[in-house]
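Report on the following structure.
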Amino acid sequence: MRIIELLLDENNIEAGVNAISIVEHPAIESDFIALSKDQEIKLAAIDTEKRILMGAALIPNKTIYRNDREEPYYVYFSQDTIKKASQLFLKNGSQSKSTLEHNLKLEGLTVVESWLVDDQEKDKSAFYNLSMPVGTWMVSVKVDNEDVWRDFVKTGKVKGFSIEGYFADRTELSKVEEPTENEKKIEAIKELLKDA
């Protein structure tokens, strides 16, 4: 199967992550954890809960299965692309843009923390027994939506995060960067005129 690196197309104003979806089956195969008031991994009673979900949004070089073309394939993100995407997400003010299973827009979910893992052993995620590689984009999401918390988080119907956004693959970018036949002819004429 083909493996495609996804990149940020810096010429596209829509490029990057524009929402974080809570899903039952995260493509990066990493579940989030729910943090209670007492910083335990297990859920506590509703009146003492912080209602914060913490987990990986993107893991570097993790292959993600896709089947939306003629044939199945895998995609992955480099550390550099993840770093740029996490910064652009905040820069564009997308912290409160969330969906359920990439279908239903949600209100009342906000990214309250965003960081990249710099040290696998000393990172905050390690404190919660999440072993994430260096370069992983971690997020903490505050859930103020009562229905989402009760019907999806507490019931275990959602287990992780999945990003939504616009990325280009290396082949698409190389197609865009290659000059057209007309552009090649114009450049050849310019060179001829320059030498005349």
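The lone criterion from (1) modelled with pLDDT of 80 or more; (2) in a loop (DSSP other than H, G, I, E, B); (3) open to solvent by 70 Å² or more (accessible area, probe 1.4 Å) left unmet by R69 is number (1).
Applying a threshold of 8 Å to beta carbon distances and a minimum spacing of six or more residues, or different chains, the list of pairs starting in segment 159-188 at a residue that is over 30 Å from L104 (Cβ atoms) and open to solvent by less than 60 Å² (accessible area, probe 1.4 Å) and ending at one that is at pLDDT below 80 and not in a helix (DSSP H, G or I) reads L173/D9. Just one residue in the set E101, E107, E71 is under 22 Å from G16 (Cα atoms), of a type in the set (D, E, K, R) and in contact (Cβ under 8 Å) with a residue 40 or more places away in the chain; that residue is E101. Residues in segment 7-18 that are open to solvent by 10 Å² or more (accessible area, probe 1.4 Å) and within 11 Å of the chain's Cα centre (by Cα): 1 in all.
Scanning segment 116-138 for residues that are assigned to a loop (DSSP other than H, G, I, E, B) and surrounded by fewer than 12 Cβ atoms within 10 Å (Cβ to Cβ) yields D118, D119, E121, K122, N129.
Do we find a residue being closer than 16 Å to M54 by Cβ and part of a helix (DSSP H, G or I) anywhere in segment 95-115? Taking every residue of segment 95-115 in turn, none turns out to be closer than 16 Å to M54 by Cβ and part of a helix (DSSP H, G or I).
Taking segment 147-160 as the range and being acidic (D, E) and either under 18 Å from S114 (Cα atoms) or touching a Lys or Arg at 6+ places or on another chain (Cβ under 9 Å) (or both) as the test, only D151 passes.
The values are calculated or read from the model by the stated rules, or taken from the named source; none is laboratory data. Computed from a prediction, not measured in an experiment: that's the story for all the values here. As a convention, Cβ positions derive from the backbone with ideal geometry for all residues, glycine included, and neighbour counts pool all protein chains shown. Accessible surface is based on the protein model in full, side chains and every heavy atom, while ligands, DNA and RNA are left aside. Shrake-Rupley method; radii C 1.70, N 1.55, O 1.52, S 1.80 Å.
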